[in-house]
1. With respect to the numbered conditions (1) at pLDDT 60 or above; (2) in a helix (DSSP H, G or I), which one is the sole condition not fulfilled by residue A:136?
2. Run residue B:6 past the list (1) surrounded by fewer than 23 Cβ atoms within 10 Å (Cβ to Cβ); (2) under 30 Å from residue A:95 (Cβ atoms) and report the number of the one that doesn't hold.
3. Identify the single condition in (1) outside any loop (DSSP other than H, G, I, E, B); (2) in contact (Cβ under 8 Å) with a residue 60 or more places away in the chain that residue B:78 does not satisfy, given that it satisfies every other one.
4. Given the conditions (1) within 7 Å of chain A (Cβ to nearest Cβ); (2) crowded, with 18+ Cβ neighbours inside 10 Å; (3) in contact with a helix residue (DSSP H, G or I) (Cβ under 8 Å, 6 or more places away or on another chain), which single one is not true for residue B:83?
5. What single numbered condition from (1) modelled with pLDDT of 90 or more; (2) within 8 Å of chain B (Cβ to nearest Cβ); (3) over 24 Å from the mean Cα position of the chain (by Cα) fails to hold for residue A:151?
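The values are calculated or read from the model by the stated rules, or taken from the named source; none is laboratory data. Keep in mind that this is a model prediction, so the values were computed, not measured. Note that each Cβ is placed from the backbone with ideal geometry, even for glycine, and that neighbours are counted across all protein chains shown.
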């Protein structure tokens, strides 16, 4: 049990710290690379949640494909620095933006408060054989069967979404908009 | 012992981090990255809840969210490239007109 808690805090701290660096860093290139570190830590968390398939697609699809797309665009646009945190002459001015960021902190405080006050029973054990079908949960075969039976319609709709996104991206990035 | 609360609180903190990024950053690319952070916070909550009730549905939802994130990144980055071509800047405050 001690190992689990240690792993959770290790991966959680890395994920949260890397995400903060994504948000606070000045260089978009560093932000993208820090986000990959955050994704790796999240993949570790998925493994502690007995979900190896989630960890694998986190690494292969998120860190491997989506982040490479981001890196490609950052390099293409040569966007190695951004304007000052709040640009001079911005139509809105700085105050609404800081207010929005403050509201985000309030959101986090509210969520944590609500969870602390949640009725008991939500804090059951996560692992350690508590669930009888933990083996079924881990198997990719079971996941595939679920995906192609109960979620078959959603799966097909997803393929249409991908086609629409692909066509949309090609049209948007064309020379003549 | 690691409980569901641990994972959900981490998810809440990650989501708030992403929200702060969307508000504070002045680069369209970094705002998109912050949205990715928020999507990942939701993914973590999905998988943790699914594990908690002993069902694989959470992982299936996470799979769909990843797919939507991929589509969002493709279209969003195409928009960023189109905007940059017209304005030579990535600052969202400079994109104030719907038509030019």
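1. (1)
2. Failing condition for residue B:6: (2).
3. (2)
4. Exception for residue B:83: condition (1).
5. Status for residue A:151: all satisfied but (3).
Per-residue answers, yes or no, for (1) at pLDDT 90 or above; (2) surrounded by fewer than 23 Cβ atoms within 10 Å (Cβ to Cβ):
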residue: B:10; (1), (2): yes, no
residue: B:60; (1), (2): yes, yes
residue: B:67; (1), (2): yes, yes
residue: B:74; (1), (2): yes, yes
residue: B:89; (1), (2): no, yes
residue: B:93; (1), (2): no, yes
